Amino acid sequence: MDERASKRVVIDAGHGGNDPGASGNGIIEKEYTLKISEYIYNRLKELGLDVKMTRTTDETLSPTERVNRVLNAFGNDSDVLVISNHINAGGREIC
Ligand SMILES: [Zn+2]
C-alpha cells in the first residue's frame, strides 16, 4: 500500500466570520487563509491523502470549537498532521 494513503491531514483556515484576523492593503487574513487552505486541501487530495478542513466557509469558530474540529476530524491520533494557516502582518504578531 502506498504509505501516503495512511496519512491524514487536518487543515485549519485561521480566523473566519466575526474574526477577520490581520488586514491591510485590501487583504483580509481570514479570506486568504481559507483560499490557501482550499488549495492545500485539493492538492493533498490529488496526491491521495485523506484530508479534512476545520472550516470551508466564512464562519466564526471559538478556540474551543476549532480545537474540537481538529480532534474530531480523525481522532486524536499521533499520525494525524495538522496545518493551521495564518498570514501575519509585518512587525507584530496578530494571531
Ligand atoms: Zn492569524
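Here's the yes/no breakdown for (1) aliphatic (A, V, I, L, M); (2) modelled with pLDDT of 95 or more:
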{"site": "Lys52", "(1), (2)": "no, yes"}
{"site": "Pro63", "(1), (2)": "no, yes"}
{"site": "Asn72", "(1), (2)": "no, yes"}
{"site": "Ser78", "(1), (2)": "no, no"}
{"site": "Leu81", "(1), (2)": "yes, yes"}
*Which of the residues spanning region 57-80 are basic (Lys, Arg) and open to solvent by less than 60 Å² (accessible area, probe 1.4 Å)?*
Arg66
*So Ser6, is it at pLDDT 95 or above, open to solvent by less than 80 Å² (accessible area, probe 1.4 Å) and either within 16 Å of the ligand (Cβ to nearest atom) or over 13 Å from the mean Cα position of the chain (by Cα) (or both)*: no
_Candidate set from region 22-38 (those that are farther than 26 Å from Val9 by Cβ and not polar (S, T, N, Q)); member that is farthest from the ligand (Cβ to nearest atom)_ = Gly26
*Residues in region 16-39 that are open to solvent by 40 Å² or more (accessible area, probe 1.4 Å) and part of a helix (DSSP H, G or I): how many?*
6
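The values are calculated or read from the model by the stated rules, or taken from the named source; none is laboratory data. If you're wondering where the values come from, they're calculated on a predicted model, not measured in any experiment. All Cβ positions, glycine included, derive from the backbone under ideal geometry; neighbour counts span all protein chains shown. Heads up: the accessible areas ignore ligands, DNA and RNA and are worked out on the full protein's heavy atoms, side chains in. Shrake-Rupley method; radii C 1.70, N 1.55, O 1.52, S 1.80 Å.
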